[in-house]
1. Report the local net charge at ALA65: Lys and Arg +1, Asp and Glu -1, summed over other residues whose C-beta lies under 10 Å from its C-beta.
2. For SER161, what is the net charge nearby, where nearby means another residue's Cβ is under 13 Å from its Cβ and Lys, Arg count +1, Asp, Glu -1?
3. Say R0 is 56 Å: what FRET efficiency, to the nearest 0.05, do ALA326 and GLN296 get from their beta-carbon distance?
4. How big is the Cα convex hull of region 269-330 in projection, averaged over all directions, in nm²?
5. Please compute the net charge surrounding ASP330, taking Lys and Arg as +1 and Asp and Glu as -1 over other residues with Cβ under 15 Å from its Cβ.
6. At 0.36 nm per residue, and after removing the present C-alpha to C-alpha distance, how many nm does the segment from SER192 to ALA310 gain when stretched out fully?
7. Taking the Cα centre of region 269-330 as the origin, how large is its charge dipole in debye, to the nearest 20, when only Lys and Arg (+1) and Asp and Glu (-1) carry charge on their Cβ atoms?
8. For labels at ASP149 and ALA279 in the simple 7 Å Cα→Cβ model, what's the distance in nm?
Amino acid sequence: MTVITLRLSLIRGFILLLVLVSQIATAQQKKKVTPSGDPIEISTLELRLTMDDYFRGFARTVTEAADSIIFLSDDYRIDNKALFWKMNAIPVAQGAIFSKDPFAAFIDVSVFSYQMKLYFEKGAGKELFGEHQGIAIRASDKLWRELIDIGLYITHPRDISKGIQMVQDFAEQNPITSSYFNRKSTLSLMASIQNEERVKFKSLAEGMAQSLDELSTRINTYTEILPNQIRWQSEYLLNDILANSQLNGRMDTLLYLLERVVVLIESSHEVIDDQRSKAIQDLMGERRIVLEAIKQERMAVLEEIQKERAIVLEHLSNEMTIQREAGFEDLNELNKQGINLNVTNVKDIADLIFWRALILMSILAIIIFIGIFLYKKL
């Protein structure tokens with residue numbers, strides 16, 4: 001009895017061990033990263049919307065960092081450099097992100113963010129903001145980390161460390177040398193990463209409404225950024241004027257001219273109203289011309305569509321007629337074959353009945369003959 005109990009305990013322990021090993025193997029399989037040889041499939045629409053959203057965060061981060069430096073600094077030269085930073089960095093990022101190809105935009109802005117990070121950390125701009133240099137470094141590092149998170153999200157669960165290293169190598173080999181942020185094209189890097197990581201894009205039918213939504217989003221972004229750009233450039237120009245000793249002596253003259261311009265503008269309401277009316281009339285005329293052109297194009301398109309529709313319907317009708325006639329012919333042929341087969345079967349059955357009847361009659365005659373013969377013998 002004790003031996004049997006011991007054996008049962010060993011069997012149970014062995015079964016529990018197998019269950020534990022299978023659970024561990026399953027967990028490891030779930031945590032396993034996609035092999036680097038498998039292609040990465042990316043949704044272009046998702047990446048485009050993500051990059052558009054990233055640009056708003058980029059502009060906000062750079063603006064807040066530059067404004068913090070300006071607020072904390074007592075040196076107008078550092079203030080001008082911070083102003084120059086956000087005045088130039090945001091348009092560069094905007095041009096990169098609003099590229100037609102969202103993957104090219106992602107690679108380009110990734111390189112730019114890492115170049116800007118290196119520029120403030122150890123490059124030509126490492127002493128640009130003095131004791132407030134850390135603000136720019138932290139902002140650049142934050143933007144770079146956000147792009148890595150975007151890359152990890154859109155390629156999950158793929159390991160993209162090789163692609164990140166290629167971006168870093170390209171940025172280190174092509175550093176930014178000034179706050180104008182002149183940069184080398186990243187198209188060759190994009191092609192290399194796409195081939196190395198085997199990036200594929202999900203096919204997606206993009207409708208007119210979706211394109212208009214994207215265009216509206218980008219126009220709103222331009223509308224939001226453009227006034228700030230104008231204001232920053234005006235501030236930068238005004239700071240240069242105030243810092244120039246030769247122009248300070250002419251400020252009275254400039255103020256006098258500005259006052260004369262204001263007086264002239266205030267006294268010219270009729271001219272302004274007349275010009276505005278003419279401008280509105282011109283716009284209405286252009287609008288009518290555009291609407292008429294659109295109407296004509298629409299009518300031409302509808303006419304072409306009707307022609308194509310008539311051709312298609314005619315072709316379809318001919319095809320249906322041909323198919324119907326061919327079907328009738330096939331049906332007639334099948335009927336003929338069925339009738340011939342039935343006639344043949346009837347003939348075979350009649351022949352069979354005749355021969356069997358003949359055999360039965362012969363047998364019956366033989367039996368009668370034998371009976372008569374026996375009767376006479378008896």
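1. +2
2. It works out to a net charge of -2.
3. Approximately 0.80, to the nearest 0.05.
4. Dividing the Cα hull surface by four gives the mean projection, 4.5 nm².
5. The answer is -1.
6. Length gained between SER192 and ALA310: 37.5 nm.
7. It works out to roughly 340 debye.
8. Once both label points are built, they end up 4.4 nm from each other.
Bear in mind these aren't lab numbers, they're just calculated from the coordinates by the rules spelled out. Keep in mind that this is a model prediction, so the values were computed, not measured. Quick reminder, even Gly has a Cβ in these numbers, built from the backbone with ideal geometry, and neighbours come from all protein chains shown.
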